[in-house]
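Notes follow once the structure below has been shown.
The values are calculated or read from the model by the stated rules, or taken from the named source; none is laboratory data. Computed from a predicted structure; not experimentally measured. We place every Cβ from the backbone using ideal geometry, glycine too, and count neighbours over all the protein chains shown.
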Amino acid sequence: MIKIGNRLLKIASMVGKCEKPADIGTDHAYIPIYLVQAGMCGKAVATDVREGPLMKARKNIEKYRLSDRIELRMGDGLKPIGENECDVFIIAGIGGVVMTEILETSLEKAKKAKALILQPAYYDEVLREYLYKKGFCIETEALAEDEGRMYAIIRAYFDGIARSDDDLYYHIGRSLFVNRDPLLGSFLQRRIRIQTNIVNGMRKSAKVDEREYLEQYNLLVKMKKAYEDFAGN
Ligand SMILES: C[S@@+](CC[C@H](N)C(=O)[O-])C[C@H]1O[C@@H](n2cnc3c(N)ncnc32)[C@H](O)[C@@H]1O
């Protein structure tokens with residue numbers, strides 16, 4: 001059985017049992033290898049937009065003798081996946097803005113999926129706001145800590161209800177509070193440190209847009225309040 005780190009393990013646990021998942025931007029193909037080996041799916045598709053990662057993926061798939069179960073495809077986003085072919089799309093380790101572009105380009109395919117498992121590398125607030133606006137429900141979220149870094153993993157599906165939320169919950173998923181994620185306290189502390197640096201940096205800068213500054217400052221206040229409420233309960 002392949003050994004994978006905490007981030008990938010958490011992603012796999014949020015995929016759960018499925019028919020045929022597609023791992024978009026697979027790189028090393030660790031996620032589909034693990035899912036097939038763990039018996040969570042019979043078959044999987046692994047894609048990447050670049051030749052180098054696909055060669056790495058092929059080597060690993062062959063090493064674990066899974067070439068008959070995991071199909072490799074080259075291409076951008078969800079484009080290499082057929083209509084109604086895969087029930088779950090996994091996109092991990094890619095920035096939130098690029099993820100929104102991938103989803104927007106193939107919106108009908110994304111809408112039909114049973115679940116989207118998304119782990120943005122950064123700009124997760126852009127992704128959450130996009131999902132809400134487009135009628136995707138964020139079913140749940142979880143945090144993973146891996147090699148000193150923390151990652152938010154989102155499980156979403158399309159239900160056609162457009163939503164909006166307070167900007168705090170675009171930055172720190174609401175489900176993390178609802179589920180009282182065990183890593184939320186330290187995640188909030190980290191985010192408060194980063195946000196404090198942003199606000200201090202803006203304060204020192206000669207050219208500050210007053211509205212942008214206030215937005216960032218108010219977000220910091222909300223994060224601190226959320227931490228106090230969470231830690232106090
Ligand atoms: C940092 S790696 C993440 C690998 C793996 N998903 C993980 O989470 O460990 C990002 C991978 O996504 C691929 N990628 C970036 N943009 C993509 C796109 N639009 N479509 C498919 N793959 C993409 C890159 O080539 C790279 O191999």
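Within region 33-71, the set of residues being closer than 20 Å to Arg155 by Cβ and in contact with a helix residue (DSSP H, G or I) (Cβ under 8 Å, 6 or more places away or on another chain) comprises Tyr34, Leu35, Ala38, Met40, Cys41, Ala44, Val45, Ala46.
Taken together, Leu143, Leu116, Leu176, Leu184 contain a single residue that is under 20 Å from Gly25 (Cα atoms) and within 17 Å of the chain's Cα centre (by Cα), which is Leu116.
Could you identify the single residue in Ile33, Ile61, Ile94 that is β-branched (Val, Ile, Thr) and under 29 Å from Glu125 (Cα atoms)?
Being β-branched (Val, Ile, Thr) and under 29 Å from Glu125 (Cα atoms) holds for just one of Ile33, Ile61, Ile94, which is Ile94.
Residue-wise test of (1) within 22 Å of the chain's Cα centre (by Cα); (2) surrounded by 15 or more Cβ atoms within 10 Å (Cβ to Cβ); (3) aliphatic (A, V, I, L, M).
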site	(1), (2), (3)
Ala44	yes, yes, yes
Glu51	no, no, no
Lys59	no, no, no
Leu66	no, yes, yes
Leu72	yes, yes, yes
Gly77	yes, yes, no
Pro80	yes, yes, no
Phe89	yes, yes, no
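When Phe136 is tested against (1) among the aromatic types (Phe, Trp, Tyr); (2) surrounded by 20 or more Cβ atoms within 10 Å (Cβ to Cβ); (3) under 26 Å from Lys224 (Cα atoms), exactly one condition is not met: (3). Scanning region 11-52 for residues that are of a type in the set (Asp, Glu) and away from the ligand (no atom under 12 Å from the Cβ) gives a single hit, Glu19. Being within 9 Å of the ligand (Cβ to nearest atom) and modelled with pLDDT of 95 or more: is that true of Ile81 here? For Ile81, the condition - within 9 Å of the ligand (Cβ to nearest atom) and modelled with pLDDT of 95 or more - is not met. Against the definition (more than 8 Å from the ligand (Cβ to nearest atom), touching an Asp or Glu at 6+ places or on another chain (Cβ under 9 Å) and farther than 22 Å from Ile2 by Cβ), how does Ala113 come out, yes or no? It is true that Ala113 is more than 8 Å from the ligand (Cβ to nearest atom), touching an Asp or Glu at 6+ places or on another chain (Cβ under 9 Å) and farther than 22 Å from Ile2 by Cβ. Mind checking whether some residue in region 208-217 is at pLDDT below 95 and part of a loop (DSSP other than H, G, I, E, B)? Yes: region 208-217 contains one or more residues that are at pLDDT below 95 and part of a loop (DSSP other than H, G, I, E, B). Residues that are part of a strand (DSSP E or B) and free of Cβ contacts under 8 Å to residues at least 12 places away in the same chain within region 65-114 are absent altogether. Of all residues in region 146-164, those that are of a type in the set (D, E, K, R) and touching a helix residue (DSSP H, G or I) at 6+ places or on another chain (Cβ under 6 Å) total 3.
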